[in-house]
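Taking it in order: structure first as structure tokens, then the write-up.
Each value in this text was obtained by applying a stated rule to the coordinates, not by laboratory testing. This one's a predicted model, so the numbers in the text were calculated from it and none came from an experiment. All Cβ positions, glycine included, derive from the backbone under ideal geometry; neighbour counts span all protein chains shown.
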Amino acid sequence: MLLCLQYSKEEEARFLSHLDLMTAMERGFRRAALPLAFSEGFNPHPRVSYASALAVGVTSEAEYLDVQFREELAPEEVLVRLNKALPRGLRVKRAVPVSRRKESLMALINLACYRVKVPFYGWADGNTGVRETIEKAMSVPAYLVQRQGKKGVRQVDIRPGILELAGSLKEENGEKKLVLEMAVRTGSSGNVKPEEVVEMLKALGSWRLGNNLRIHRLGLYIYAEGKKWSPLERT
Amino acid sequence: MKEREQVQEWLEEVLPKVSKPLRYLGNEYNAVKKDWQAVKLRFLFAFPDVYEVGMSHLGLQIIYGLVNEQSDYLMERVFAPWTDFEAELRARGIPLFSLESATPIAQFDCIGFTLQYEMSYSNILNMLDLGRIPLLAKERGDEFPIIMAGGPCAYNPEPLAEFIDFFVLGEGEEIILEIGAVMAAHRAKRQGKQEKAVLLKELAQIPGIYVPAFYEARYDQNGKFAGLKANEPEIPSRVVKRVVKDLDQANFPLKPIVPYLEIVHDRMMLEVLRGCTRGCRFCQAGVLYRPVRERSQKLLVEQAEQLAQNTGHNEISLTSLSTSDYSCVEPLLRDILNRFEGRNIGVSLPSLRVDSFSVNLAKEVQRVRKTGLTFAPEAGTQRLRDVINKNVTEEDLLQVTEAVFREGWTQIKLYFMLGLPTETYADLDGIADLASKVLRRGKEILREIGSKKAPSITVSVSSFVPKPHTPFQWEAQDSLATLQEKQSYLRTKIRERGIVYNYHDAEISFLEAVFAKGDRRLGKVLLEAWRRGCRFDGWSEHFRYESWREAFREVGLIPEEIANVPLDPADPLPWDHLDSGVRKEYLLKERERAYQGQTTGDCRLTTCSVCGICQDLKVRLLLRKGEA
């Protein structure tokens, strides 16, 4: 049976690379004695496919994976057993049976939502307000960022990939933070990193922002027909 | 505690900046976090190398598991921080802290270092310094943790005598709870405080404990080492190692810590036996871990089941010094393979003997994946293999490699040692010839079976280091220049396509010999070298030979006089007071037989060669032939 799991990667696990996370998950499934299905061939791998690789240092409350079991199991049982077996910082929140997908989970996911906390050191010239600054920045038709690829540096326009962007100022442990929430394109159809959105806001807004970002993923979606679908409900 | 919060806060900021932050988290699966207030004693296991190396060490998991099972004690871990992390610690004045509770290491009651390798000594000093603990034992008052050390290098710990409060000889699981009991009782009488001078005297009464401060080294008028003597009445003149009698009764960690990041040996470790009596004359482990004790198959299978459940690893390694020597290795292997195949858990053997039996085992375990195979003929000619008592013939090796190629393997790694006693250039030619023969045989067979692949042979050559408690302990190491010359000579000899030749840094092997054989005077050198920035000396990228030379000059010691000069069997050795259970007369006899090119059989298969272990330590070989 194929189950889609929604899981969180919390503070204690935020330094796991995607490879570390895959290992930790496989060990979790094994400790929970869940009947993983394996690929055929020379070097069998568990049939687990991940929605998206989360960068090292980033936390998330909505990561997804599809896992194939050799037997039918109650989703609730999988959730309970797996949570007992996972290391600190990894937690399964929902388990839903899904039918075979048209494409891999990773190919389907095309939208990611983030909350980013940016140290805020004040306005550069007069108080213009967060909303106005963001609106102004978003009004540009294009914004080019440099990306290091295998064939050298290339320029990419990230503006079309930013679907929603909002922000507010908050006080945290005596430090002022600009708290951004954004929905950006992810995957092969165009990928925008939250750091790049912050870079754009730094360049276009009249404020002074710090470099020490805390990034948290709020959700991953299949964006189709003008609507955000959870991978738990759409295959 | 305030310091812990400070460390946590600092970590938040620093972890994103350093390489492999997962090394420093301490929240791995099965890591034990205990309440500091609820226990009587707090131990810290300190591994003087990087996390990935330390976490691959079975001894750590054994001691950690055993101590944390006791309700009155806790044990946490610390590893040598990598250089980038050290720089951050020093920049912000943060003291080195434990992984589990982020407690500064100076707040523990007892810190235990494991001495696996001489070239990790500078890391010990560095870790103490990072923990703001005075390096010299005599400068540490009652308020500091007691520093202990154990492991193979504790059998000649003299270079560390000034820094360590006491050493443990032998197998840690046999003695650690006795140490705990003495320490806990000592503190109970003193409102949780300790009086170090008294405590060390109490500890010295435990068999297997060596407190270096209670012994004095003497030197003759020429500055030659003239023996070590206890300077207090109730102190034993000899310290004898501790041995687990029955491995089935010994504690084994069934809930080992499962790291987040990939470590060197990233798999379950099932210890099938301890000890090896093959009797290679250069091998220190073969002496230190005598006698051979096997674990019963029934228990091993149970342990494997539990390990699989508790770790989730996808591979089981059957570990020991020589796993193919386990009496029932085939039935054990079959049982484990059958049990775990359906769960896609593989089995691996760490080392293989050079015989067809071992090839069959390899065939069994590598049903799926065909990685390379490694064999260790150690020397290039039959003459020299007889000298070192490596009972392998050229015909054995060729037959084995033939079988290996026939089974479809194409990569073979061959280990050799260079600079062995009595070695000549003919022996080096022998290495090249042997590699060449193996390659040729491989080509023929691969062609015969219609394989399109070409065989690939790796010849890996290390330099001989004379080690204490071996028949070769009196030998001189070849001079550095000779070792390097021999390495270059071999390079000119091994030129064929299909053979890769690599060798170890001879300067590291030279210092390894100095510290393996040295006495207390080396402590000053170590301190100087550390002051000059030496650390991670076993890592070529960090090894600073020039700084070491300066340190020797500064102290006025000539390292060549330690490494490159043979010792007279009539003279006292710096480790004579430390008893591995193997008699010196046996080592001398073996040395004599080496010179005569006579081999000595394995006592499991032939007669007892009276090494002294069973006679003097009241232990015996424990084989499990025919036991289910």
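Given 25 °C and 0.890 mPa s, how large is the Stokes-Einstein diffusion coefficient of the range B:363-498 in µm²/s, with Rh as the Kirkwood radius over Cα pairs?
154 µm²/s
Net charge near A:Glu196: determine it from the other residues with C-beta under 12 Å of the C-beta of A:Glu196, scoring Lys and Arg +1 and Asp and Glu -1.
Combined, the nearby Lys, Arg, Asp and Glu give +2.
Could you give me the ³J(HN,Hα) list for the range A:49-57, computed from phi with Karplus coefficients 6.51, -1.76, 1.60 and θ = phi - 60°, whole Hz, x at Gly and Pro?
The phi angles translate into 10, 9, 6, 6, 7, 9, 5, 4, x Hz.
Among the DSSP beta bridges whose two residues both lie in the protein assembly as shown, what percent are antiparallel, rounded to the nearest 5?
Bridges in the protein assembly as shown are about 55 percent antiparallel.
Dividing the convex hull volume of the Cα atoms of the protein assembly as shown by its residue count, what figure in Å³ per residue is obtained?
Given the Cα convex hull of the protein assembly as shown, per-residue volume reads 196 Å³.
For the pair A:Asn212 and B:Glu305, what calculated FRET efficiency results from E = 1/(1 + (r/R0)^6), where r is the Cβ-Cβ distance and R0 = 56 Å, to the nearest 0.05?
0.75
Restricting things to alpha carbons, find the Rg to Rh ratio for the range B:469-628 using the Kirkwood radius for Rh.
So for the range B:469-628, dividing Rg by the Kirkwood Rh gives 1.06.
Would you tally the net charge around A:Val179, using a Cβ to Cβ cut-off of less than 14 Å, leaving A:Val179 out, and scoring K and R as +1, D and E as -1?
Local net charge: +3.
Which percent, to the nearest 5, of DSSP beta bridges fully inside chain B are antiparallel?
Of the beta bridges lying entirely in chain B, close to 20 percent run antiparallel.
Hey, with R₀ at 30 Å, roughly what FRET efficiency would A:Glu199 and B:Glu12 work out to, going by the Cβ-Cβ distance, to 0.05?
Efficiency, rounded to the nearest 0.05: 0.85.
Within 10 Å of each Cβ of A:81-94, how many other protein chain Cβ atoms are there on average?
Other-chain Cβ atoms within 10 Å of each residue's Cβ, averaged: 2.
For chain B, find the longest principal axis of its Cα atoms and tell me its angle to the long axis of helix B:83-92, 0 to 90°, nearest 10.
10 degrees
Can you give the Kirkwood hydrodynamic radius for the range A:111-229, in Å, rounded to one decimal and based on Cα pairs?
This gives a value of 15.1 Å.
When Lys and Arg each count +1 and Asp and Glu each count -1, what net charge do the other residues less than 10 Å away from B:Phe472, Cβ to Cβ, add up to?
With Lys, Arg at +1 and Asp, Glu at -1, the net is +1.
How shielded is B:21-27 by partner chains, expressed as the average number of their Cβ atoms within 10 Å of its Cβ atoms?
For this peptide, the per-residue mean of nearby foreign Cβ atoms is 4.
Return the tail of the calculated pair distribution for the range B:1-62, meaning the percent of Cα-Cα pairs more than 15 Å apart.
66 percent
Translational D (Stokes-Einstein, µm²/s) of the range A:2-107 at 4 °C and 1.567 mPa s when Rh comes from the Kirkwood sum over C-alpha pairs?
93 µm²/s
Points 7 angstrom from Cα along the Cβ direction at A:Ser139 and B:Arg339: gap in nanometres?
Computed distance between label sites A:Ser139 and B:Arg339 equals 7.2 nm.
Can you give the Rg to Rh ratio for chain B, taking only C-alpha atoms and Rh from Kirkwood?
Checking Rg against Rh, the ratio lands at 0.95.
Express in nm, to one decimal, how much length is gained between A:Gln155 and A:Tyr121 on full extension, taking 0.36 nm for each residue of separation and deducting their alpha carbon distance.
9.3 nm
Could you tell me the relative contact order of chain B? Use alpha-carbon pairs under 8 Å, at least six residues apart, and round to a whole percent.
15 percent
When N counts the residues of chain A, how does its alpha-carbon radius of gyration compare numerically with 2.2 N^0.38 Å, as a ratio?
Taking the Cα Rg and dividing by 2.2 N^0.38 Å, one obtains 1.13.
What lysines does A:Lys202 reach when the alpha-carbon gap must be under 17 Å and sequence neighbours fewer than 8 apart in one chain are set aside?
A:Lys117, A:Lys136, A:Lys176, A:Lys177, A:Lys193
Pull the list of chain B cysteines that no other Cys approaches to under 4.7 Å, Cβ to Cβ.
B:Cys110, B:Cys153, B:Cys276, B:Cys328, B:Cys534, B:Cys603, B:Cys608, B:Cys611, B:Cys614
Loop-only check: which trypsin sites (Lys or Arg not before Pro) in the range B:103-191 are DSSP coil with at most 16 other Cβ within 10 angstrom?
B:Arg132, B:Lys189, B:Arg190
Per residue of B:249-259, count partner chain C-beta atoms within 10 Å of its C-beta, then hand back the mean as an integer.
1
What three numbers, in Å, describe the spread of the alpha carbons of the range B:211-264 along their principal axes, ordered from the longest?
The Cα atoms of the range B:211-264 stretch 55, 30, 16 Å along the principal axes, largest first.
For the range A:1-57, evaluate the Debye formula with one uniform point scatterer on each Cα (no solvent term) and list log10 I(q)/I(0) at q = 0.16, 0.17 Å⁻¹, rounded to two decimals.
Listed by q, the Debye log ratios stand at -0.57, -0.64.
I'd like the antiparallel share, as a percent to the nearest 5, of DSSP beta bridges with both residues in the range B:2-240.
Taking every DSSP beta bridge with both residues in the range B:2-240, the antiparallel ones total about 25 percent.
Relative contact order of the range B:2-240, please, whole-number percent, based on alpha carbon pairs below 8 angstrom and at least 6 residues apart.
16 percent
Note the per residue figure in Å³ for the convex hull of the C-alpha positions in the range B:89-242.
138 Å³
Take the cross-link list B:Lys138/B:Lys201; B:Lys241/B:Lys618; B:Lys33/B:Lys255; A:Lys9/A:Lys227; B:Lys201/B:Lys467 and give me the ones stretching past 22 Å between alpha-carbons.
Table pairs above 22 Å Cα-Cα are A:Lys9/A:Lys227; B:Lys201/B:Lys467.
About the Cα centre, and with charges only on the beta carbon of Lys, Arg (+1) and Asp, Glu (-1), how big is the dipole of the range A:119-220? Nearest 20 debye, please.
It comes to approximately 480 debye.
Of B:Leu25, B:Leu557, how do they rank once you tally other Cβ atoms within 10 Å and put the fewest first?
Final ranking by Cβ density, sparse to dense: B:Leu557, B:Leu25.
Between the DSSP loop rule and a limit of at most 10 other Cβ atoms within 10 Å, which trypsin sites (Lys or Arg not before Pro) in the range B:497-601 are left?
Qualifying residues, ordered by number: B:Arg497.
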